[in-house]
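*Asks:* First the structure, then my questions, so here it is.
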Amino acid sequence: MQTITTTEDLAAFCERAATHPYVTVDTEFLRERTYYSKLCLIQLAHPGPDGPDGGEGSAVLVDPLVEGLDLAPLYTLFRDPGVVKVFHAARQDLEIFQVEAGLIPAPLFDTQVAAMVCGFGEQAGYETLVRKIARSEIDKSSRFTDWSRRPLSEAQKTYALADVTHLRVIYEWLSAQLRKSGRARWVAEEMAVLNDPATYRVDPEQAWQRVKTRSTSPKFIAALRELAQFREAYAQERDVPRSRVFKDDALVELASTRPASEKDLGRSRLLLRDARKGDIADGILAAIERAANLPADRMPRAEKPRDQLQVNPALADLLRVLLKARSEAEGVAPKLIASSADLDALAAGEREVHALYGWRREVFGEQALALCEGRVGLAARGAQVVTVDL
């Protein structure tokens, strides 16, 4: 197997790949000790023989940790509109390239999304697809190894390369199924989210919205927002995990108790020792002070939690039955069509719901609205549940 360590070899491979309709891509990375993922290995494959007897290998490993290796040829390939870039569960891989090079490979195809559309259920893992479509098995022993250490073992290389060689078979099979079913447009709609740079951008000012809390007190939310903003900016600037600054449970505690001095910070049950002094302590106290000085008209307002919505429980149950019936009829994973939160929102009268747009509206949303509005009911017909006009 070939491991590319020079820009020239990478350029030669990418030139060959550009003559094919698609290239499969995967990465290995580490994120335990940093805010941003550390790219450790790139795997690439295009259709064709894997050599050496068949000529130039069509599947390679690229070592981005080698000094002097320029990934520009790869990024040129990623921008080529004539070559589909195929990933499995692409989001984390795409985030790496967005951060490293400010680009998202396009056109894009995610086999995990396609598999859910093609009836492989909600847990369309790569190993499942390799077993069911490529009729092969993967040696998982190297999955949790340290990909930043060199040299890589032969077992690591074999495991890494399997992530893109089997992916060729999977992509071609799923593409054929989508053409037969006419659902390629469904997958294309899902790719819109992955193609949006905003998907991978974490705005410190919005970081508080990811923190789970039940309190809607304006003073609490104001402190939570300022503390979360400080933590996110601090972690991004120093490239450390946000949990190394302070964890979510400590964040909620700080927003509740709102300490006013380092002495007060010392009483925290959940704050890490290093956060009780120095730059982090100063940042915490400054954030709490900013929140305390906010005028009333600038206080943030938390969205009403789902469990506080006026949900009609009977209607929510009916929507779940309808979702199950429609997912089975269409052979699509229920989770891909609508989340439990979507169903509760519909049952509470909300209409700005993901399940009411695009292909989801066609397969579920229209009937869900009719059910909510009393225009249809549900009936058992043999082993199936169907809608009936009222």
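The values are calculated or read from the model by the stated rules, or taken from the named source; none is laboratory data. Keep in mind that what you see is a predicted model, and the values were worked out from it rather than measured. Cβ placement follows ideal geometry from the backbone for every residue including glycine, while neighbour counts extend to all protein chains displayed.
*Asks:* Going by the conditions given, is Ala115 part of a loop (DSSP other than H, G, I, E, B), in the same structural domain as Ala192 (by TED's automatic domain parsing) and aliphatic (A, V, I, L, M)? I'd like the intermediate steps shown before the answer.
*Replies:* Numbers: part of a loop (DSSP other than H, G, I, E, B): no; in the same structural domain as Ala192 (by TED's automatic domain parsing): yes; aliphatic (A, V, I, L, M): yes.
No.
*Asks:* Still on this structure, please answer the following. Going through Arg225, Arg269, Arg244 one at a time, which residue ends up being in contact (Cβ under 8 Å) with a residue 60 or more places away in the chain, charged (D, E, K, R), in contact with an Asp or Glu (Cβ under 9 Å, 6 or more places away or on another chain) and not assigned by TED's automatic domain parsing to the domain that holds Thr111?
*Replies:* Within the list Arg225, Arg269, Arg244, the selection yields Arg225.
*Asks:* Looking at (1) modelled with pLDDT under 95; (2) exposed (fewer than 15 other Cβ atoms within 10 Å of the Cβ); (3) in a helix (DSSP H, G or I), which one does Ala176 not meet, given that it meets all the others?
*Replies:* It fails just one condition, (1).
*Asks:* Check segment 64-82 and report whether any residue there is of a type in the set (Ser, Thr, Tyr), within 27 Å of Lys140 (Cβ to Cβ) and touching a residue at least 40 places away in the same chain (Cβ under 8 Å).
*Replies:* Taking segment 64-82 and keeping what is of a type in the set (Ser, Thr, Tyr), we get 75-76.
So of that shortlist, the ones also within 27 Å of Lys140 (Cβ to Cβ) come out as none.
No, that holds for no residue.
*Asks:* So, one more: Quick one: what pairs do we get from segment 93-111, first residue assigned to a strand (DSSP E or B) and charged (D, E, K, R), second crowded, with 22+ Cβ neighbours inside 10 Å and at pLDDT 95 or above, C-beta under 6 Å, 6+ apart or different chains?
*Replies:* Correct list of pairs: Asp110/Phe87; Asp110/Ala90.
*Asks:* Kindly indicate whether Ala90 is over 30 Å from Thr6 (Cβ atoms) and small (Gly, Ala, Ser).
*Replies:* Considered against the rule, which asks whether it is over 30 Å from Thr6 (Cβ atoms) and small (Gly, Ala, Ser), Ala90 comes out as no.
*Asks:* Of the numbered conditions (1) free of Cβ contacts under 8 Å to residues at least 40 places away in the same chain; (2) farther than 25 Å from Lys219 by Cβ, Leu315 satisfies every one except a single condition; which is it?
*Replies:* The one condition Leu315 does not meet is (1).
Matching residues to (1) among the hydroxyl-bearing types (Ser, Thr, Tyr); (2) over 23 Å from Arg31 (Cβ atoms); (3) at pLDDT 95 or above:
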{"residue": "Leu108", "(1), (2), (3)": "no, no, yes"}
{"residue": "Gln112", "(1), (2), (3)": "no, no, yes"}
{"residue": "Val130", "(1), (2), (3)": "no, yes, yes"}
{"residue": "Ile133", "(1), (2), (3)": "no, yes, yes"}
{"residue": "Asp139", "(1), (2), (3)": "no, yes, no"}
{"residue": "Phe144", "(1), (2), (3)": "no, no, no"}
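*Asks:* Oh, and also: From Leu309, Leu322, grab the single residue that is surrounded by 14 or more Cβ atoms within 10 Å (Cβ to Cβ) and modelled with pLDDT of 95 or more.
*Replies:* Leu322
*Asks:* Right, another one. Restricting to segment 210-259, what's the tally of residues that are under 26 Å from the mean Cα position of the chain (by Cα), in a loop (DSSP other than H, G, I, E, B) and either more than 18 Å from Met299 (Cβ to Cβ) or of a type outside the set (Ser, Thr, Tyr) (or both)? Reasoning before the result, please.
*Replies:* Here is the first cut: in segment 210-259, the residues under 26 Å from the mean Cα position of the chain (by Cα) are 210-214, 224-252.
Still in the running and in a loop (DSSP other than H, G, I, E, B): 211-214, 239-241, 246-247.
Subsequent filtering for residues that are either more than 18 Å from Met299 (Cβ to Cβ) or of a type outside the set (Ser, Thr, Tyr) (or both) retains 211-212, 214, 239-241, 246-247.
Here the count works out to 8.
*Asks:* Could you grab me the full set of residues in segment 5-58 that are among the hydroxyl-bearing types (Ser, Thr, Tyr), part of a loop (DSSP other than H, G, I, E, B), buried (at least 19 other Cβ atoms within 10 Å of the Cβ) and modelled with pLDDT of 95 or more?
*Replies:* Selection gives Tyr35 alone.
*Asks:* Follow-up question, since we're still on this one. So which pairs qualify, if the first residue must be in segment 42-53 and at positive phi, the second must be modelled with pLDDT of 70 or more and crowded, with 22+ Cβ neighbours inside 10 Å, the Cβ gap must be under 7 Å, and the two must be at least 6 apart or on different chains?
*Replies:* Filtered contacts from segment 42-53: Gly48/Ser58.
*Asks:* Can you find even one residue in segment 232-239 that is polar (S, T, N, Q), touching a Ser or Thr at 6+ places or on another chain (Cβ under 8 Å) and not assigned by TED's automatic domain parsing to the domain that holds Gln112?
*Replies:* At the first step, the residues of segment 232-239 found to be polar (S, T, N, Q) are 236.
Add one more test, that the residue is touching a Ser or Thr at 6+ places or on another chain (Cβ under 8 Å), and what stays is none.
No, every residue in segment 232-239 fails to be polar (S, T, N, Q), touching a Ser or Thr at 6+ places or on another chain (Cβ under 8 Å) and not assigned by TED's automatic domain parsing to the domain that holds Gln112.
*Asks:* Have a look at Glu328, Glu350 and point out the one that is under 19 Å from Ala114 (Cα atoms), surrounded by fewer than 18 Cβ atoms within 10 Å (Cβ to Cβ) and free of Cβ contacts under 8 Å to residues at least 60 places away in the same chain.
*Replies:* Sole residue among the options that is under 19 Å from Ala114 (Cα atoms), surrounded by fewer than 18 Cβ atoms within 10 Å (Cβ to Cβ) and free of Cβ contacts under 8 Å to residues at least 60 places away in the same chain: Glu328.
*Asks:* Going through Leu356, Leu343 one at a time, which residue ends up being closer than 27 Å to Ala124 by Cα, surrounded by 20 or more Cβ atoms within 10 Å (Cβ to Cβ) and either without any contact (Cβ under 8 Å) to a residue 24 or more places away in the chain or touching a Leu at 6+ places or on another chain (Cβ under 6 Å) (or both)?
*Replies:* On inspection, the qualifying residue turns out to be Leu343.
*Asks:* Quick one: in segment 131-171, of everything that is without any contact (Cβ under 8 Å) to a residue 12 or more places away in the chain and not in a loop (DSSP other than H, G, I, E, B), which residue is surrounded by the fewest Cβ atoms within 10 Å (Cβ to Cβ)?
*Replies:* Going through the qualifying residues, I end up with Glu154.
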